[in-house]
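Computed from the coordinates by the stated procedures, all read-outs in this text should not be read as laboratory data. Fair warning: this is a prediction, and the values are worked out from it, not measured in the lab. Here the Cβ positions follow ideal geometry from the backbone for every residue, glycine too, while neighbour counts run over all protein chains shown.
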There are 2 protein chains.
Amino acid sequence: MMQTAQTIQDIIEKVATFTNDDAPKITRLVYQESWVQAQDYLLTLGQSLGMNVAIDEMGNGILTVKGTEEGVVTLGSHLDSVVDAGKYDGVYGIAAAIIAVKELVDSYGTPKQDMQIFLFSEEEGSRFPMNFSGSRFIIDDLPEMEQLKDGDGAFFMAERKKALDVLKAKFPVGQAQQPISFAEIHIEQGPVLERKNKQIGLVTGIVAQKKFTVTVNGEANHAGTTPMSMRKDALKQALQLIGYLEEVTQTIGEPFVYTVGEMKVSPNVTNVVPRQAVFSIDIRHLDAHQLDVFEEKMHAYIQKKEAQTGMTMSVECWLNEPSERMDTEFLTLLETICKEKKLTYEKMPSGAGHDTQIMNLVTRTALLFVPSHNGISHSPYEYTASEDLENGKEVLKELIHRLAY
Amino acid sequence: MMQTAQTIQDIIEKVATFTNDDAPKITRLVYQESWVQAQDYLLTLGQSLGMNVAIDEMGNGILTVKGTEEGVVTLGSHLDSVVDAGKYDGVYGIAAAIIAVKELVDSYGTPKQDMQIFLFSEEEGSRFPMNFSGSRFIIDDLPEMEQLKDGDGAFFMAERKKALDVLKAKFPVGQAQQPISFAEIHIEQGPVLERKNKQIGLVTGIVAQKKFTVTVNGEANHAGTTPMSMRKDALKQALQLIGYLEEVTQTIGEPFVYTVGEMKVSPNVTNVVPRQAVFSIDIRHLDAHQLDVFEEKMHAYIQKKEAQTGMTMSVECWLNEPSERMDTEFLTLLETICKEKKLTYEKMPSGAGHDTQIMNLVTRTALLFVPSHNGISHSPYEYTASEDLENGKEVLKELIHRLAY
C-alpha cells in the first residue's frame, strides 16, 4: 500500500538541510522558516506514505494510520533544535517512528488500534523562555503565552501564527487523539551505552532535578599583607563546600550526578583575597529522596561552617523538578523484545529531559535510547551509527506491533 | 629658624583635597592636575619650613636641609595614589618625613649630614604600565618610556613634560644626591599590627613574590547524562589542586601567603561539566626558597594528576620578584629606639611593595609601619589614628637624629 521507504538516515540527512546555519551546524528554532520547512517536509513524507496528516493549533504535526478498533498507540519526538546543534537530537525519534509505522503497515496491514505519531513543535526551549510547549499543548498544560517573547523581542503568538498560516494552507488543521500510551526513541546524549558496549538503553525514568545558586560572602583583602590566619576567603570556603559535596556525592553513589558548572568570583583580581564566590549546583537522581539527602547535608555543613568562620553562605533553590517513572510493563516487554532480537541492553535513567516526561503526566510511557558517540550532543559533532539507528527502530517497531496489532 | 609646624594630620588632610574625585575618594595619578597641585603644595610647604627645594626631570620633589659635613641621610615616600584610594597611602610617609626633619632642625639645629626627602612622583603604576618610576629614576634603572601610554592613549613623555613645565616655572630643577641610606615610613596596609595590638612595625624585608596562571583542561559534558565516573571536570580538578596547595601552605606556615584571587570557568553554564578552569596563584614570602618549595610541590602534584586523569594542567609563571632585605643594623637601632620610647613593636615582613625595595638595590634601607585600621588600604575607608601617625614619626625622627647629627 505504501511507497518505497526512505531510510531513517535519509530522513535525518534531509531534515538537517533545514537549518539557519551551514552544515554541519543545525539551528532550527520553533516557528522559524527552517522549522516550517522541516515540518512541511515531514508531513509531506507521511502523506506520501499513506498516513493521515494534520497540524494542530500549536504547530505539532500529527501523522495517523487508522486502525479497525478503538484505541490509539502514540509515538513521537520533537523537530526543533538548540542553537549549533547536531542532526540526530529529536529528529531521530520522528524518523524512526515514521519508518517503524510504515514497515508495520507494509508487513501486517491495517492495525487494530490507531497508530499516531506526534511531530512535536518544540521541546528545547531555545527560542522562547518555555520548553516542552508542543507536548504540553497536547496534554493541555500550557502556561500563559501572551507576553512570551524571543531574544529579538518577537512575540510567541505572532511568530506561531505566521508559521502556522503557511502550514495550514497546505495541511488540514486537526487535533490529537489523547494518547493512552506513548513511546519515544532518542539518542542517549550521554556516553553510558557506548562505554558499556550496549545497543539499546531502556529508560527506567527521567531523573528528578534540583538547581541551586550558592553565595559565599567573605572579606576582600590584600593578597600580600593579610596573613593566612586572618583571612575570610570566600573562594576558599566555596571550594571546601564543593569538595565536601563531592564526598556526599560519592556516598550516595551513581547514578546520582552533581555538577558545579558556573563559578563567579569577586573582585576576581590576582592580588586580592576573594570577597565573594557565587556558584551553581545541579543535582539529579531518579530517586528524588537522594536529592533531599544531599540538600540536607549541604545545609548542615553550611550552618556549621558559618558558625566556625563568621562568613555567610546562602543557598537559593531555583529549580526543583520531580522524577517521572516510565511504565514497568512496557519496560518488561521491551526487555523481552531486546532478548528476542539478541540486542544487548542497559536499564538506565535519563539524566536529560524529554517530551516523554510530559506525556507521562497523562499516560503510561516508554523511552528508548540508542548509543551516542562519545556522549556528545547539542553539538555538530553529535553522531550515532546507522546500525544503532536501525536497531532502535526495530525495538520500537516490535513494541508498537504488540500494542497496535 | 623654621615656621610653626603643621601636623602630619593637617598635611594629609590638605593633600587629600588634591584629587580627581570628591572626598573621601582619592584619585591622584602621576602628572595629572591633582598631582601637580599636590607636588606644588608639598614643595611650597618644605620651602616655607626653610628647606632647599628642587624638582628633578622625572617629577620627583627633593627637599634638603644642608649639613656641615659630607654625607646625606635620605627619607621619602610617594605622592601618587591608586584609583579610589584613601588619603594615608604614600602621603603619610612624606608628611612624617617633613615634620620629622623640621622638628630635628628646630630642636638640634643644623645637622652634620644633609637630610634629603624624596617626594617620589609615582609608585603605584596606576596610570601607565610601569611602577616605581620615581625611585627607579633616582637609581638610574628605568626601562624605555618613549612608547608608554596611559589608558586614554596619552603618552608618558608628553604628560610628564606638561606637568613639569608648570612646576619648573616655580621651583628650581635639581638632581638628587645619591642616597647612602634610606628610610621610609608607611601605613601597614594589612591587619597584623592592629590585631596584635602593636604600635610600630619594623620591616625585616619586602617579600619575594611569584604569580602563576594555571590552566586545567577537561572535557565539557552534559550535567545530567554523564555519570560522575566518566567525567573530566576541569573545575573539580582545579579545586583539588587549590586544596592541595592550601595544605602545602599550612606546612610552610606563616608568614607565607598563598592567594587564588582570579578564577575563570568555561563554558560557565549551570548544566555543563566545566571544560576548562583558569586561575591565578599569588605566593609571597621573605625567604624566596619557600616559593620554590611551593612551586616544586605544585609541579609534582600536577604531573601525578595529569597521569591519573588524562587531563592537562599547565602553569605559567608570569611574575617572579626577589625579596629585598632591610638593613639589619638599622633594624637593631630601630628596636632600641622603640624600647627607649616604650613603643610596642613587631618585626615583620612587608607583603606589599614599596619604594624602599628600589632604594635597597643601591643602599641600605629601613622601612617602618604604623597600624592600618582593619588592614584596609587602597580604599576611601583607609584609616590610621593620629596617635599612630605621631608614634611612627617619632621613631623615624629618632633614627634620622642618630644618623644625621
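Mind listing the long-range amide H neighbours of A:Val73? Cut-off is under 5 Å, sequence gap 5 or more, other chains count too, H placed in the peptide plane at 1.01 Å from N.
Here the answer is A:Asp114, A:Met115, A:Gln116, since their amide H atoms fall under 5 Å of that of A:Val73.
Taking the rotation axis that maps chain B onto chain A, which residue of B brings its Cβ closest to that axis, and at what distance in whole Å?
Taking the axis that maps B onto A, the answer comes out as B:Leu239, 2.
With unit charges on the beta carbon (Lys/Arg positive, Asp/Glu negative), name the residue among B:Ile62, A:Gly351, A:Thr17 whose Cα is farthest towards the positive pole of the charge dipole of the protein assembly as shown.
The one lying farthest along the dipole's positive direction is A:Gly351.
Under a 5 Å amide H to amide H cut-off, with H placed in plane at 1.01 Å, what residues pair with A:Val30 once short-range neighbours are removed?
Amide H neighbours of A:Val30: A:Ser81, A:Arg127.
Distance between Cα centroids, the range B:298-322 to the range B:133-165: provide it in whole Å.
A separation of 37 Å, based on Cα centres.
What is the P(r) of chain A, as percent of Cα-Cα pairs per 20 Å bin from 0?
25, 50, 21, 4, 0
Can you tell me the relative contact order of chain A? Whole percent, Cα pairs under 8 Å, sequence separation 6 or more.
23 percent.
What is the range B:208-321's relative contact order, in percent, from Cα pairs under 8 angstrom and six or more apart in sequence?
This gives 45 percent for the range B:208-321.
About the Cα centre, and with charges only on the beta carbon of Lys, Arg (+1) and Asp, Glu (-1), how big is the dipole of the protein assembly as shown? Nearest 20 debye, please.
With only Lys, Arg, Asp and Glu charged at Cβ, the dipole is about 660 debye.
Using just the Cα positions, wrap the range A:44-175 in a convex hull and report its mean projected area in square nanometres, one decimal place.
Seen from a random direction, the Cα hull of the range A:44-175 projects 8.5 nm² on average.
Mind listing the Cα extents of the range B:208-321 along all three principal axes, in Å, largest one first?
49, 24, 21
Give, rounded to the nearest 20 debye, the magnitude of the charge dipole that the range A:145-288 has about its Cα centre when Lys and Arg contribute +1 at Cβ and Asp and Glu contribute -1 at Cβ.
220 debye
Using the Cα centre of the protein assembly as shown as origin and beta-carbon charges of +1 (Lys, Arg) and -1 (Asp, Glu), tell me which of A:Gly201, A:Ile117, B:Gly125 is placed farthest towards the positive end of the dipole.
Among A:Gly201, A:Ile117, B:Gly125, the one farthest towards the positive end of the dipole of the protein assembly as shown is A:Gly201.
Calculate how steeply helix B:156-168 sits against the longest principal axis of the alpha-carbon atoms of chain B, using the helix alpha-carbon long axis, and give the answer as 0 to 90 degrees to the nearest 10.
Rounded to the nearest ten degrees, it is 20.
What is the ratio of the Cα radius of gyration of the range B:139-282 to 2.2 N^0.38 Å, with N the residue count, to two decimals?
So the range B:139-282 has a normalised radius of gyration of 1.70.
How large is ³J(HN,Hα), in whole Hz, for each residue of the range B:171-178 in order, when computed from phi with the Karplus curve 6.51 cos²θ - 1.76 cosθ + 1.60 and θ = phi - 60°, using x for Gly and Pro?
So the J values, rounded to whole Hz, are 10, x, 7, x, 10, 5, 6, 4.
Please list 3J(HN,Hα) in residue order for the range A:343-355, calculated via the Karplus relation 6.51 cos²θ - 1.76 cosθ + 1.60 where θ = phi - 60°; whole Hz, with x for glycine and proline.
Karplus-based 3J(HN,Hα) across the range A:343-355 equals 9, 6, 9, 9, 7, 7, x, 9, x, 10, x, 8, 3 Hz.
Only loop residues by DSSP count here, and only those with at most 11 other Cβ atoms within 10 Å; note down the chymotrypsin sites (Phe, Trp or Tyr not before Pro) in the range B:289-389 that meet that.
B:Tyr381
Please report, for B:Arg195, the nm distances (one decimal) from its label point, 7 Å out from Cα along the beta-carbon direction, to the equivalent points in the remaining copies, shortest first.
Here B:Arg195 shows inter-copy label distances of 4.3 nm.
Could you pull the copy-to-copy label distances for A:Asn374, with points set 7 Å along Cα to Cβ, in nm to one decimal and sorted shortest first?
So the label point of A:Asn374 gives 5.1 nm to the other copies.
Report, in degrees rounded to the nearest 10, the 0 to 90 angle that the Cα long axis of helix B:386-404 makes with the longest principal axis of chain B.
Helix B:386-404 sits roughly 60 degrees off the main axis of chain B.
Within chain B, which is the longest segment containing none of the trypsin sites (Lys or Arg not before Pro) that sit in a DSSP loop and have at most 15 other Cβ atoms within 10 Å?
Free of exposed loop sites, the longest segment is B:171-340.
Which angle between 0 and 90 degrees, to the nearest 10, do you get for helix A:328-340 versus the longest principal axis of chain A when only C-alpha atoms count?
So the helix axis and the longest Cα principal axis differ by about 70 degrees.
Where the centroid of each part is defined by its Cα atoms, how far is the range B:348-391 from the range B:13-43 in Å?
20 Å
Is there a quick way to get the dipole size of chain A? I mean about its Cα centre, with the Cβ of Lys and Arg at +1 and of Asp and Glu at -1; what is the value in debye to the nearest 20?
620 debye
Counting each DSSP H run of 4 or more residues in chain A as -39500 (n - 2.57), what helix-only mean residue ellipticity at 222 nm follows after dividing by all residues, to the nearest 500 deg cm²/dmol?
Calculated at 222 nm, the ellipticity per residue is -11500 deg cm²/dmol.
For the range A:1-106, count all C-alpha to C-alpha pairs, find those more than 19 Å apart, and express that count as a whole percent of the total.
It works out to 41 percent of all Cα pairs.
Given A:Lys347/B:Lys264; A:Lys102/A:Lys342; A:Lys66/A:Lys196; B:Lys14/B:Lys339; A:Lys236/B:Lys342, which pairs have Cα atoms separated by over 31 Å?
The pairs that break the limit, which is 31 Å between Cα atoms, are A:Lys347/B:Lys264; A:Lys66/A:Lys196; B:Lys14/B:Lys339; A:Lys236/B:Lys342.
Across 10 Å bins from 0, what is the distribution of all Cα-Cα pair distances for the protein assembly as shown, in whole percents?
2, 12, 18, 16, 12, 11, 10, 8, 6, 3, 1, 0, 0
Return the ratio Rg/(2.2 N^0.38 Å) for the range A:301-405, where Rg is computed over Cα atoms only.
Rg over 2.2 N^0.38 Å, computed on Cα atoms: 1.58.
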